[in-house]
Every structure is written in structure tokens, then in C-alpha cells.
Amino acid sequence: MIDEAQAIKNHKTAAFKLVRGLRTEGFIAMSGTPVENGLMDFWSIMEATTPGLLGSTTSFRQDYARPIERDHDAETADRFKRITASFMMRRLKTDRNIISDLPSKISTDEYCVLTKEQVALYNEVVRRGMMEIENCQDNHFVRHAMVLRMLV
């Protein structure tokens, strides 16, 4: 059994290659997030547990991932569901018959008022950060890192 199978959702990682190298009669993959970045995540998990079922990476991208993700092709999505449905067991947090011990989701917005000094400090950080970001428009990685730094 592969618990937290999202660890093998990238077929280029060492974890995926290690699982693929194991010799066993079968696998069960359990994941709370089998698809996070795209259908190739799902392909990787399926390839580790049932090699060859969904074809090669190239054919899967061409036959399923692109038509579903880019073109929103409902017919291809239905065909994909038919092929994979018997390999999936899915439970929903909204299904009380399956998950009776999970509480309902509770969202609470909390607001706080900043002091004048905090507002001034915040505005200065934003001003400096925006200047730094504007000065490195050529390097997208650095720009993204600066935005994350500002959020933190």
C-alpha cells in the first residue's frame, strides 16, 4: 500500500522510480490530493500502481490531459472517467454516510484594526517591495520569490 500517494505524482522523482522498481503482486495508492497540478499527477500514480493502463506520458498528454485541461472536452473527460472509475474509490466530506465523524466546515473571518504606526510600516514595506519587483522584471523566479517574501 502506498499511503500519501501524492508523493509519487511526479514520474520524474526518485520516489516514483523507487515505487516502480518494487516487485509485488499489486499496489493500493491512497491520496487526499491525487490531482493537484494536472492530470499528469493522476497518470503518475496510476502508472506506479497499474503500469501501462493509461499509456505513455506522451500518449496520455495527447489523448487525455490536453483535451480535458486545455479544451475542456466533456466527451474525453467522460471516456477518461469510464476507464479509471473501477480503479477509484472516492469519498466526499459532504457524504455523512461515509464520514460521520468529520465535523462540518466552519469558516470564520477575523478582522483586526492596524494602528497608524502599523499602517505606515505596512505601506513602506509594500512600497519598497514593489520597487524591487519592478527592478527585476526580467527574472520571473526572483519576482515570484519577492512576492512570497512580501506575503510572509
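Restricting attention to the range 66-107, which residues are modelled with pLDDT of 90 or more, open to solvent by 90 Å² or more (accessible area, probe 1.4 Å) and in a loop (DSSP other than H, G, I, E, B)?
72
Can you find, within the range 44-60, the residue that is most open to solvent (accessible area, probe 1.4 Å) among those that are hydrophobic (A, V, I, L, M, F, W, C) and not in a helix (DSSP H, G or I)?
Of everything passing the filter in the range 44-60, 53 is most open to solvent (accessible area, probe 1.4 Å).
Looking at 41, 3, which is the one that is open to solvent by 60 Å² or more (accessible area, probe 1.4 Å) and among the acidic types (Asp, Glu)?
3
Return the total of residues in the range 13-36 being in a loop (DSSP other than H, G, I, E, B), surrounded by 10 or more Cβ atoms within 10 Å (Cβ to Cβ) and not hydroxyl-bearing (Ser, Thr, Tyr).
Qualifying residue count, the range 13-36: 5.
Considering the range 112-138 alone, what residues qualify as being modelled with pLDDT of 90 or more and not in a helix (DSSP H, G or I)?
113, 114, 115 - these are the residues of the range 112-138 that are modelled with pLDDT of 90 or more and not in a helix (DSSP H, G or I).
Among 40, 46, which is under 13 Å from the mean Cα position of the chain (by Cα) and under 24 Å from residue 79 (Cα atoms)?
The match here is 40.
The values are calculated or read from the model by the stated rules, or taken from the named source; none is laboratory data. This structure is a prediction, so every number in the text was calculated from the model and none was measured. Cβ atoms come from the backbone with ideal geometry, glycine included; neighbour counts cover every protein chain shown. Keep in mind that these areas ignore ligands, DNA and RNA; they rest on the heavy atoms of the full protein, side chains included. Shrake-Rupley method; radii C 1.70, N 1.55, O 1.52, S 1.80 Å.
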